[in-house]
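To start, the structure itself, in C-alpha cells.
Readers should treat all values here as calculations from the given coordinates under stated rules, not as data from a laboratory. Please read all numbers here as calculations on a predicted model, not as lab measurements. Note that we place each Cβ from the backbone using ideal geometry, even for glycine, and neighbour counts take in every protein chain shown.
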Amino acid sequence: MEFVTIDKSNFPLIRVTFNFGNPTLNDYKLLLDSQIKILSMKQPYALYIDARKLDYLSSDIRIAQGKFFKDYKTEMNTYCIGAVMLVKSPFAFLMHKAISVLENPPGETYFAFTETEALKKTEKFLNKIKVTSS
C-alpha cells in the first residue's frame, strides 16, 4: 500500500505510518482491511500511528472509519490495548476527533504532538500487554 505502511516487526507493537496527505476512499479501505487482518490474529497489541503527513480525511473516509469502529468494537476492545496517534497540528487533531462524533474509537486512544510524548504513551500500552500476558 502506498498510502500507509504497517510494520508488525516488533509485535505486539504495530506501527502505522501514513505516507501522504489526501487518501482516496479506496486507499483508506485497504487500511481498514489490514486492521481486520490484525484483529483476526486474536492477540493483544498496541498501535503507534504516525499521522503527521495526513492532511484531510473526506467525509466518506470519516464515515467508513466510524462504521469500522462500530462493526469491530468488540474485537477492538478485546485486542487493541491502546492507540497513540501522532499528529502535526491542533487542526489535524480536531479532524481525527471528528470521527468520534460518528462512533467512539474503542479502547484507549491518545493524540500526541511530539514523538517523545507518543512513545511514552505507547510504552504504557506495551507494559499493560506484558502484565496481562504474564
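If only the Cβ of Lys and Arg carry +1 and only the Cβ of Asp and Glu carry -1, the dipole of the chain around its Cα centre is close to 320 debye.
Backbone phi angles across the range 114-128, fed through the Karplus curve with coefficients 6.51, -1.76 and 1.60 (θ = phi - 60°), yield HN-Hα couplings of 10, 5, 4, 4, 5, 5, 4, 5, 5, 4, 4, 5, 5, 5, 4 Hz in residue order; Gly and Pro are listed as x. Any idea what the relative contact order of the chain is, in percent, if you count C-alpha pairs under 8 Å spaced at least 6 apart? Relative contact order of the chain: 25 percent.
Annotation: amide H-H contacts under 5 Å for Asp50 (H modelled 1.01 Å from N, sequence separation of 5 or more, or interchain): Val16, Thr17, Phe18, Leu86. Using θ = phi - 60° in the Karplus curve 6.51 cos²θ - 1.76 cosθ + 1.60, the 3J(HN,Hα) couplings for the range 73-85 round to 4, 4, 5, 4, 5, 7, 10, 8, 5, x, 9, 10, 10 Hz; x is entered for Gly and Pro.
Here the Karplus relation 6.51 cos²θ - 1.76 cosθ + 1.60, evaluated at θ = phi - 60°, turns the backbone of the range 17-24 into coupling constants of 10, 7, 8, 7, x, 10, x, 8 Hz, with x for every Gly and Pro.
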